[in-house]
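Here's the structure we're looking at; comments come further down.
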Amino acid sequence: MEKPIRVLIAKPGLDGHDRGAKLIARALRDAGMEVIYTGLRQTPEQIVAAAVQEDVDVVGMSILSGAHNHLFPKVVELLKEQGVNDVLIIGGGVIPDEDIPGLKEAGLAEIFTPGTTTTQMIEYIKNNLKR
Amino acid sequence: MFDKEKLSQLKTSRENWEEKVLNKSLSKAPESKSEFKTGSGAPVKRLYTAEDVADIDYETEIGYPGQYPFTRGYQPTMFRGKPWTMRMYAGFATAEESNERYKYLVGQGSTGLSVAFDLPTQIGYDSDHSLAQGEVGKVGVAIDSLKDMEILFDGIPLDKVSTSMTINAPAAVLLAMYIAVAEKQGVSADKLRGTIQNDILKEYIARGTYIFPTEPSMRLITDIFEYCSKEVPKWNTISISGYHIREAGSTAAQEVGFTLADGIAYVEAAIKAGLDVDTFAPRLSFFFNAHNDLLEEVSKFRAARRLWAKIMKERFGAKSEKSMMLKFHTQTGGCTLTAQQPNNNIVRVAMQALAAVLGGTQSLHTNSRDEALALPTQDSVTIALRTQQIIASETGVTNTVDPLAGSYYVEAKTKEIEDQAMEYINKIDELGGAPRAIDLGFIQREISDSAYKYQMEIESLDRIVVGMNKYQVEEESPKGLLRVDPIVGEMQKKKIEDVKATRNNEAVTEKLQSLKKACENTDNVMPFILEAVKEYATLGEVCGVMREVFGEYEQAVLL
């Protein structure tokens, strides 16, 4: 049997809006993936430690507070420092379009904004795994 | 509402109509769906008649406004006396910028202030804390010390406005700062009007800005109840919030059930702390969401009012009618806004606001069209405020009290939501009350299940969201969104340095020591916090002392 895709869903920063994160986590799990959800208020260090420890294929982060430009790149950077280069890193939340190019440049593979369906997300992950 | 004979006639005439008129029509033109549902997924019948309200006694269940059980409104003349308070939630960046926005809103006819704090403030961290990086000033204004609070309310007479503050875990600290600013303006605490949200249970359930564990958090809340009943008697000491429960995905009935269950927990905690129910209950207030399904929402507000009145009277033996009145603020549903075709949100907000008004709200915040994208711009906020003014001045719905009462559908729906909410309350009682039900994850799981179902309905097109899953167009990226300059973080850090360099640091240490002792024993902490903030102890320092004594809440991670 094929090894299931392992996904870490993380909430960096201080915002408590986790409806989206929980929905995605549940939908990915229903699609057969193994999903670990970090809970709220995770520092970039905690997220990276969890990603390494759980040996995940995907890190998905959600921020609705506007702190994405600060926190998303931090996670990418720390993962690189740990020598992790084969994890698909994606983000979502209330993120203005004009911030997306900068985030992609920083190493986020894709940014999902309001209105994205869980089906689109599942397809994207299946088609873009790095390992 | 009708006698037996009349009802039996109605039954016959309805069956007659079904046979002769309805069935003929259905055979020619079937309905578009096999099942019709409310926004919350509750079934809706084709037609409601007097039969559906037959068991509802007018005098005991519906009654008159300003009279128990307050189904028709908490006050006898409602909007004929004065319209609801138009209270726009605002705050961003620095105290200076937010102060400007408040003055603008008051100038445009806003009748109450509503302060949004940034996340570090809401979680009791100063702007220079490592966890605050990237978050300072983003979703609200950054308040680190009394200095910021003085700037925030500069030029705003605190004896004239009522101020609502969305602050929960550190509510005692921000209230103390507000009292201190008023004192500097020469306004005594007994003249202050406003509300602190101060509702920690829904933070654990849905909103996430908790600090301390349940028990000390409940103690802080009852300390505030007690202190305000003596010192700040016109202050609403809590705003028991269904808003965020609904935003997290609950149904309308769950919103009422879980919110009132939280309310019950606060009343029980205060009674246990030795307070008489009629001393604090009149200052309890509520906060609900206004979602898209107009008539379901109107019914929800009416159901909440009736059920709370019954709970206060029957369960807690309240004697004062003021203790039984559910007064509430409403905000239109943030989660209903779409990032696509954002101007459509103006229409959604208008209808949601109408539901709140028809449901008898005491104050209202209308969301801005661009809030699925960023914090609202001033232009967007103005349209949102104008929406309320149009409802108040042009639609005529304010001319008579509770105009939808007596609608067979609305009365049946009101009863249905009341009954379903009561079922949830019974279930939560069985589990040992709201705090226990939260520890067990019961409430969170119920909400998650509803949220998941809602999302799947959108994806399968069972639920249409205009512009998002139907009637889509290609769009350009929206321009001119409000952005908070990252420099705000640096400015706040500088301000903290200045405050710490100029205050009496010895006095600060001493006041924080006294506060620590009060936290360790059973003294009311409010006077100690007030003393500390007056010496310009920072929010982070005050909360730091409390963190040391009380510890921190650990969220159960559930999926």
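Data overview
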| read-out | value |
| --- | --- |
| Members of the stretch B:363-399 that are free of Cβ contacts under 8 Å to residues at least 40 places away in the same chain and closer than 17 Å to B:T77 by Cβ | B:G396 |
| Residue count, the stretch A:85-131 (criterion: β-branched (V, I, T), within 18 Å of A:P12 (Cβ to Cβ) and within 14 Å of chain B (Cβ to nearest Cβ)) | 5 |
| Residue list for the stretch B:410-428, filter: farther than 21 Å from B:M78 by Cβ and touching a residue at least 60 places away in the same chain (Cβ under 8 Å) | B:A412, B:K415, B:E416, B:Q420, B:A421, B:M422, B:E423, B:Y424, B:I425, B:I428 |
| Count - residues of the stretch A:9-25 that are within 19 Å of B:S448 (Cα to Cα), within 14 Å of the chain's Cα centre (by Cα) and at the interface with chain B (Cβ under 8 Å from one of its Cβ atoms) | 4 |
| Residue within the stretch B:109-124 that is over 30 Å from B:Q9 (Cα atoms), at pLDDT 95 or above and touching a Cys at 6+ places or on another chain (Cβ under 6 Å) present | yes |
| Residues (touching a Lys or Arg at 6+ places or on another chain (Cβ under 8 Å) and surrounded by fewer than 19 Cβ atoms within 10 Å (Cβ to Cβ)) located in the stretch B:536-559 | B:E548, B:V549, B:L558, B:L559 |
| Residues of the stretch B:404-422 satisfying the condition of being in a helix (DSSP H, G or I), in contact with a helix residue (DSSP H, G or I) (Cβ under 7 Å, 6 or more places away or on another chain) and not small (G, A, S) | B:Y408, B:Y409, B:V410, B:E411, B:K413, B:T414, B:I417, B:E418, B:Q420, B:M422 |
| Positions within the stretch B:155-168 being among the small types (G, A, S) and crowded, with 23+ Cβ neighbours inside 10 Å, in sequence order | B:S164 |
| Subset tally (residues that are in a helix (DSSP H, G or I), farther than 23 Å from B:E371 by Cβ and in contact with a helix residue (DSSP H, G or I) (Cβ under 9 Å, 6 or more places away or on another chain)) for the stretch B:112-131 | 1 |
| Matching helices (runs of 4 or more DSSP H) fully within the stretch B:155-264 where at least 3 residues are farther than 30 Å from A:P12 by Cβ | B:171-185, B:214-231 |
| Residue among B:Y89, B:Y102, B:Y74 that is among the hydroxyl-bearing types (S, T, Y), touching a Ser or Thr at 6+ places or on another chain (Cβ under 6 Å) and surrounded by 18 or more Cβ atoms within 10 Å (Cβ to Cβ) | B:Y89 |
| Residue within the stretch A:71-80 that is of a type in the set (D, E), outside any strand (DSSP E or B) and either out of contact with any strand residue (DSSP E or B) (no Cβ under 7 Å at 6 or more places or on another chain) or at negative phi (or both) present | yes |
| Of all residues in the stretch B:108-145 being away from chain A (no Cβ under 14 Å) and β-branched (V, I, T), the one that is nearest to A:G13 (Cα to Cα) | B:I143 |
| Number of the exception - A:I95 against (1) in a helix (DSSP H, G or I); (2) under 18 Å from A:H70 (Cβ atoms); (3) more than 13 Å from the chain's Cα centre (by Cα) | (1) |
| Positions within the stretch B:441-480 being aliphatic (A, V, I, L, M) and part of a helix (DSSP H, G or I), in sequence order | B:I443, B:I447, B:A451, B:M456, B:I458 |
| Identity of the residue in the stretch A:35-62, of a type outside the set (S, T, Y), more than 9 Å from every other protein chain (Cβ to nearest Cβ) and within 24 Å of B:E371 (Cβ to Cβ), that ends up surrounded by the most Cβ atoms within 10 Å (Cβ to Cβ) | A:M61 |
| Scan of the stretch B:374-406 for residues that are of a type in the set (A, V, I, L, M, F, W, C), crowded, with 23+ Cβ neighbours inside 10 Å and within 26 Å of A:P114 (Cα to Cα), ordered by number | B:L375, B:V381, B:A384 |
| Residue check, A:G32 more than 8 Å from chain B (Cβ to nearest Cβ), farther than 15 Å from B:S448 by Cα, at pLDDT 95 or above and over 14 Å from the mean Cα position of the chain (by Cα) | yes |
| Condition check for A:G16: crowded, with 21+ Cβ neighbours inside 10 Å, outside any loop (DSSP other than H, G, I, E, B) and in contact (Cβ under 8 Å) with a residue 24 or more places away in the chain | no |
| Elements of type helices (runs of 4 or more DSSP H) in the stretch B:292-403, at least 1 residues being more than 21 Å from B:G263 (Cα to Cα) and not β-branched (V, I, T) | B:294-310, B:344-358, B:378-394 |
| Every residue from the stretch B:461-485 that is free of Cβ contacts under 8 Å to residues at least 24 places away in the same chain, surrounded by 11 or more Cβ atoms within 10 Å (Cβ to Cβ) and within 11 Å of another protein chain (Cβ to nearest Cβ) | B:N469 |
| Selection from the stretch B:132-154 of residues that are part of a loop (DSSP other than H, G, I, E, B), in contact (Cβ under 8 Å) with a residue 60 or more places away in the chain and not small (G, A, S) | B:Q133, B:V136, B:K138, B:V139, B:I143, B:D144 |
| Residue list for the stretch B:520-534, restricted to those being assigned to a helix (DSSP H, G or I) and surrounded by fewer than 21 Cβ atoms within 10 Å (Cβ to Cβ) | B:E520, B:P527, B:E531, B:K534 |
| Hey, A:R6 away from chain B (no Cβ under 13 Å) and either surrounded by fewer than 21 Cβ atoms within 10 Å (Cβ to Cβ) or aromatic (F, W, Y) (or both) or not | yes |
| Residue count, the stretch B:486-518 (criterion: part of a loop (DSSP other than H, G, I, E, B) and either under 28 Å from B:Q133 (Cβ atoms) or within 14 Å of another protein chain (Cβ to nearest Cβ) (or both)) | 2 |
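The rows are residues; the columns are (1) in contact with a Cys (Cβ under 7 Å, 6 or more places away or on another chain); (2) of a type in the set (D, E, K, R); (3) within 27 Å of B:P170 (Cβ to Cβ).
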position: B:S32; (1), (2), (3): no, no, no
position: B:R46; (1), (2), (3): no, yes, no
position: B:T49; (1), (2), (3): no, no, no
position: B:I56; (1), (2), (3): no, no, no
position: B:M78; (1), (2), (3): no, no, no
position: B:S98; (1), (2), (3): no, no, yes
position: B:G107; (1), (2), (3): no, no, no
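The values are calculated or read from the model by the stated rules, or taken from the named source; none is laboratory data. Computed from a predicted structure; not experimentally measured. Neighbour counts run over all protein chains shown; Cβ positions are idealised from the backbone, glycine included.
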